[in-house]
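Please treat every number below as a calculation from the coordinates, not as lab data. If you're wondering where the values come from, they're calculated on a predicted model, not measured in any experiment. For neighbour counting, all protein chains shown are included, and Cβ atoms are generated from backbone atoms with ideal geometry for every residue, glycine included.
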Amino acid sequence: MGKINILVVEDEAEIQQLVSYNLIKAGLNVTCADSGEEALERLRTETIDCVLLDLMLPGMSGIEVCSAMRKGEGNAYKAIPVIMLTAKGEEEDIVAGLECGADDYITKPFSPKVLVARIKAVVKRVVADRNKSEGSRTTVIVVDALEIDKGRHEVHLQGAEVFLTTTEFSILSLLAEKTGWVFTRQQIIDHARGYDFLITPRAIDVQIFGLRRKLGEYGKMIETVRGIGYRFRSALNEKA
């Protein structure tokens, strides 16, 4: 692929300039937005590969912007990875960001090298998943009433589309592709995020919680295996 296009959503001019400088220096293209409303407009009119989103913004908050993206207005940008850039480092703020659909988070102050590495890692994973799906002869996973189209990056449950983040989609695909198999949290982390940086098992638990909520009654098919991790059980598994 060509240069990675990053949308930096940050209302503090000094931080916006600092982040932009380091991203451009690393060879990335940068577009900036001062507010959540401007960010959504940029997404509607420009090609963006990743959004670097401040949590505290005037008007719409970062949480609200991320939520609006994940609702998939026109399905144009629902799958674009989002990295939260925030001064809030408390666990509840991090969890809130992940629950609304963010793929990763970085707290201020931050290392420019780490920031660039994380952006490249999340974009690389999205591109790799897309290429893998396009190159696979079997791109649709069907388990009972659940249908996962890896090529189109779409999930349908009983015919209705379920909007997932890239991380949620990756986790669900892993579990549903091998129903009954138990995956450790570390295996899920390695699959969903790659080996480029460290995240905690707690973050995976939050993603699973979000998945179950979006799948409704069907979410119970994602089972917790105490002390190990998770598995996906279909109705056929239950009868076995």
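Structure above, values below:
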| quantity | calculated |
| --- | --- |
| Computed label-point distance, nm, for sites residue 212 and residue 177 using a 7 Å Cα→Cβ extension | 2.4 |
| FRET efficiency for residue 156 and residue 37, using Cβ-Cβ distance with R0 set to 30 Å, rounded to 0.05 | 0.45 |
| Chain lengthening between residue 56 and residue 29 when straightened (0.36 nm per residue, less Cα-Cα) | 7.4 nm |
| Tensor-based shape of segment 5-129 (alpha-carbon gyration tensor, a/c under 1.5 rounded, otherwise prolate or oblate) | rounded |
| Amide H contacts of residue 4 (H built 1.01 Å from N, under 5 Å, at least 5 apart or other chain) | 29 |
| FRET efficiency, 1/(1 + (r/R0)^6) with R0 25 Å, evaluated for residue 113 and residue 3 via beta carbons | 0.85 |
| Kyte-Doolittle at least -1.0, axis length at least 27 Å by Cα - qualifying DSSP helices, the chain | 112-135 |
| Ascending count of other beta-carbon atoms within 10 Å, so fewest first, for 7, 98 | 7, 98 |
| Per-peptide average of other Cβ atoms within 10 Å, ordering 16-28, 54-66, 157-169 highest first | 54-66, 157-169, 16-28 |
| Estimated FRET transfer efficiency when R0 is 30 angstrom, pair residue 145-residue 92 (beta carbons, to 0.05) | 0.30 |
| Integer Hz, Karplus 6.51/-1.76/1.60 couplings in order for segment 140-157, x for Gly and Pro | 10, 9, 10, 10, 6, 8, 9, 10, 10, 9, 5, x, 8, 6, 10, 10, 10, 10 |
